[in-house]
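This report refers to the structure that appears directly beneath it.
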Amino acid sequence: MQAYWHEGPTEVSINALCARSGVSKPSLYRAFGGEDGLTRAALTAYSQQVLAEVLAILDAPDGFDAALEGLVHYASESPLSDPGCLFVKMRAARERFGPQTQDLIDALGEGAIAAYVAFLDAARARGEWAGRVPTDLAARYLAAQIEAALARRAAGVPPDEVRAVLSLALSVLTAPDR
């Protein structure tokens, strides 16, 4: 997971992973069923360890504006975001992975949208977000902005610049006429 995340999921060969971990290629294939199983396992571990942080931000009891600020902080300043996002990187290269990994990429993407929809619906129910656009559209916008910020982090854009651009992008959700 770390190699795929930090170096890029399409930049690390199975041979290099075997050499680093001291595992033979046949052992790796027995354990994971092949490269598709390995990339799926890496993305599964990433989702449990890192993407869970985003869900925790959305579920925090501090309210809508605080959650948006938490997302901005996570995407722009969290050490977890320094190398960008493995999920974003894998989704950008989706066609280069096997069917198991592609299915997981799709499921995680749908899960993220569902989580953003639930977050926005809850904020609307509490009167914190009136939303002048359909919730699904706002959720997709929110996801796209977070992904773009994480991609900028991976590209080496300074955190303060990522923060400024993401804050501006998300300001449409917190505008006074919300």
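The values are calculated or read from the model by the stated rules, or taken from the named source; none is laboratory data. It should be emphasised that the depicted structure is a prediction, and the values quoted were computed from it without experimental measurement. No Cβ is skipped: glycine too gets one built from the backbone with ideal geometry, and neighbour counts run over all protein chains shown.
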Could you tell me whether the stretch 133-142 includes any residue that is farther than 20 Å from ARG91 by Cβ and surrounded by fewer than 16 Cβ atoms within 10 Å (Cβ to Cβ)?
yes
Helices (runs of 4 or more DSSP H) (entirely within the stretch 1-94) containing at least 1 residues that are in contact (Cβ under 8 Å) with a residue 24 or more places away in the chain and in contact with a helix residue (DSSP H, G or I) (Cβ under 8 Å, 6 or more places away or on another chain):
2-7, 14-21, 35-46, 52-59, 64-77, 86-92
Could you check how many residues of the stretch 67-108 are among the β-branched types (Val, Ile, Thr) and within 25 Å of LEU173 (Cβ to Cβ)?
2
With respect to ALA114, determine if the residue is within 18 Å of the chain's Cα centre (by Cα), at pLDDT below 90, surrounded by fewer than 20 Cβ atoms within 10 Å (Cβ to Cβ) and farther than 21 Å from GLY8 by Cα.
no
Candidate set from the stretch 1-54 (those that are among the polar types (S, T, N, Q), surrounded by 14 or more Cβ atoms within 10 Å (Cβ to Cβ) and farther than 26 Å from GLY70 by Cα); member that is modelled with the lowest pLDDT:
THR10
Filtering the stretch 47-77 down to residues that are touching a Lys or Arg at 6+ places or on another chain (Cβ under 9 Å) and of a type in the set (S, T, N, Q) yields SER76
Based on this model, can you work out whether PHE32 counts as closer than 28 Å to ALA118 by Cα and hydrophobic (A, V, I, L, M, F, W, C)?
no
